[in-house]
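Shown next, in structure tokens, is the structure this report addresses.
The values are calculated or read from the model by the stated rules, or taken from the named source; none is laboratory data. Bear in mind the structure is a predicted one, so any value in this text is a computation, not a measurement. Neighbour counts are summed over all protein chains in view; Cβ atoms, including those assigned to glycine, are modelled from backbone coordinates with ideal geometry. To get the accessible areas, we keep the full protein, side chains included, count just its heavy atoms, and leave off ligands, DNA and RNA. Shrake-Rupley method; radii C 1.70, N 1.55, O 1.52, S 1.80 Å.
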Amino acid sequence: MTSPTTSRRGFLRIAGLGALAAGLPACSSVLPAPDTTAPGFGTSATGTVRVWCRANTQTGLTALVDAFNASQDRLTVELTPIPDVQYVTKLATVIRARDVPDLVDIDDINSLLFVFRDAFTDLTDLIAQLDFADRLSPGHLALGTVGDRRYAVPYLADNSALFCNTRLFEQAGLDVDEATTDLDSLLDAARRITALGGDVKGWTFPGNSQGALGFVVQPHIWAADTDLIRGDVGAQSGNVIGNEAVAQLLEFYRALWVDGLAPQENFADDASRWGSDYLAGRIGMMPTNYSTITTDADPAIVAATTVRLLPGPGGGRAFFDGGDNMCIPRGAANASGAWEFVRFALDVPQQSALPEGGYTPVRSDVATPEFAAKYPLVLPSLQAQNEGYAPKTLSYNEIYNQPDGPWLTMFRRAVFDGEIEAAMAEAQQGYDRILGQARA
């Protein structure tokens, strides 16, 4: 989750609507909403469909576009990749210029930035008409929903989970299920795996990567049915001080570090070589995503890997529901063609192929026996979609993706310095300050 950092005021300034900063205004009110009820909408469009995608997911989208263009001769999709660090800024700029693409494939965590500015088309009725609507990822949908209206549809999932080296578990005399039920069992398993000796460690984590840590550490907290943020969007505050799940999570990571159950390199690890130690066969457990484990990996390591959802301090399971949503901007010239392309992207053949590019489908009904046999490592999150979550806030980037944000500052102070209580108190102030600015 390395989305660009754009403050609320910064967004409004980019969009040329600073005067409206006092509320949650419609930044795109000058742009017309497509008539999604028009006869033939989404089925009989012609011409060109301009699609923006994130550069990080360009490879999968390129194959999707090629397949769509080859499937019919009425529409031609033109794909434009946008660097992830520029995506929010560039999209806000074209909204202001009234020259929007027909469809945007956007990091799901950034969907709300535009939904709350009335920049996207209401897709509620179109989604409801899908015969698999109840099988779509609820975490993705939540990030594009305001009230009872939906402005985004899921496309691909990039979820966090706990990947385990079964060879090391067997050597340590551990059962994967029993060893991954809560934080205490994880800590015990990490100790027993590390005790195998040599350069083997029980756990690994990118200790200096704010985005990656937010992706893999927060789910332990969510599994306890709590979050670091409380309240509805526009009226939020931090939920750090007094949050026992947060304290237990930080104590867990502090123990991993102090007891030498993770590599010393984790201290400075900015995720630039994320997963290299696990893929070398030296790590028992690694919280990460599917692509990190499978991309250019030794097939023997992949075959020896099993996966579980991330447990909470006292049980429960959760995962970060990351990935991409597809949204049709207001003012789109070919919204009908855009929706036809969305439908194609959500069809079973296209969804079933997503693991080839390192991603998980957003339709739970894709998990057929044949799919399960081919892609076992994506099954846990696909079969337990309701356990997926991502914070619904306009301030995610400021809190979690900035190197000087309160999230990374708290984690490092607690884990590496051992000042858990002070770190949580400092974080509470940081969360409250940033969330308060979002209300200003």
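So the values come out like this:
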| read-out | value |
| --- | --- |
| Residue within the stretch 4-12 that is out of contact with any Lys or Arg (no Cβ under 8 Å at 6 or more places or on another chain), open to solvent by less than 70 Å² (accessible area, probe 1.4 Å) and modelled with pLDDT of 50 or more present | no |
| Matching entry among A373, A300, A318, A304 (being aliphatic (A, V, I, L, M), crowded, with 24+ Cβ neighbours inside 10 Å and modelled with pLDDT of 95 or more) | A318 |
| Checking A384 against (1) of a type outside the set (V, I, T); (2) touching a helix residue (DSSP H, G or I) at 6+ places or on another chain (Cβ under 6 Å); (3) open to solvent by 10 Å² or more (accessible area, probe 1.4 Å); (4) closer than 28 Å to R343 by Cα, the condition it does not meet | (2) |
| Only listed residue being open to solvent by 10 Å² or more (accessible area, probe 1.4 Å) and either modelled with pLDDT of 95 or more or on the phi > 0 side of the Ramachandran plot (or both), chosen from P81, P101, P39, P32 | P81 |
| From Q236, Q218, Q210, residue being more than 18 Å from the chain's Cα centre (by Cα) and over 24 Å from A172 (Cβ atoms) | Q236 |
| Filter result for the condition that a residue is in contact (Cβ under 8 Å) with a residue 60 or more places away in the chain, aromatic (F, W, Y) and closer than 22 Å to I109 by Cβ, over Y278, Y290 | Y290 |
| K201, sole failed condition from (1) open to solvent by 20 Å² or more (accessible area, probe 1.4 Å); (2) closer than 12 Å to M286 by Cβ; (3) within 26 Å of the chain's Cα centre (by Cα) | (3) |
| Residues (part of a helix (DSSP H, G or I) and open to solvent by less than 40 Å² (accessible area, probe 1.4 Å)) located in the stretch 253-268 | Y253, A255, L256, W257, N266 |
| Residues being closer than 16 Å to N325 by Cα and in contact with a Pro (Cβ under 6 Å, 6 or more places away or on another chain) - total across the stretch 52-86 | 4 |
| Some residue of the stretch 269-279 being buried (at least 19 other Cβ atoms within 10 Å of the Cβ), within 20 Å of the chain's Cα centre (by Cα) and closer than 16 Å to Y389 by Cα | no |
| Leading residue by the ranking (farthest from L310 (Cα to Cα)) among those in the stretch 204-243 that are open to solvent by 10 Å² or more (accessible area, probe 1.4 Å) and in a strand (DSSP E or B) | S237 |
| Scan of the stretch 402-419 for residues that are surrounded by fewer than 20 Cβ atoms within 10 Å (Cβ to Cβ) and in contact (Cβ under 8 Å) with a residue 40 or more places away in the chain, ordered by number | Q402, P403, R412, F416, G418 |
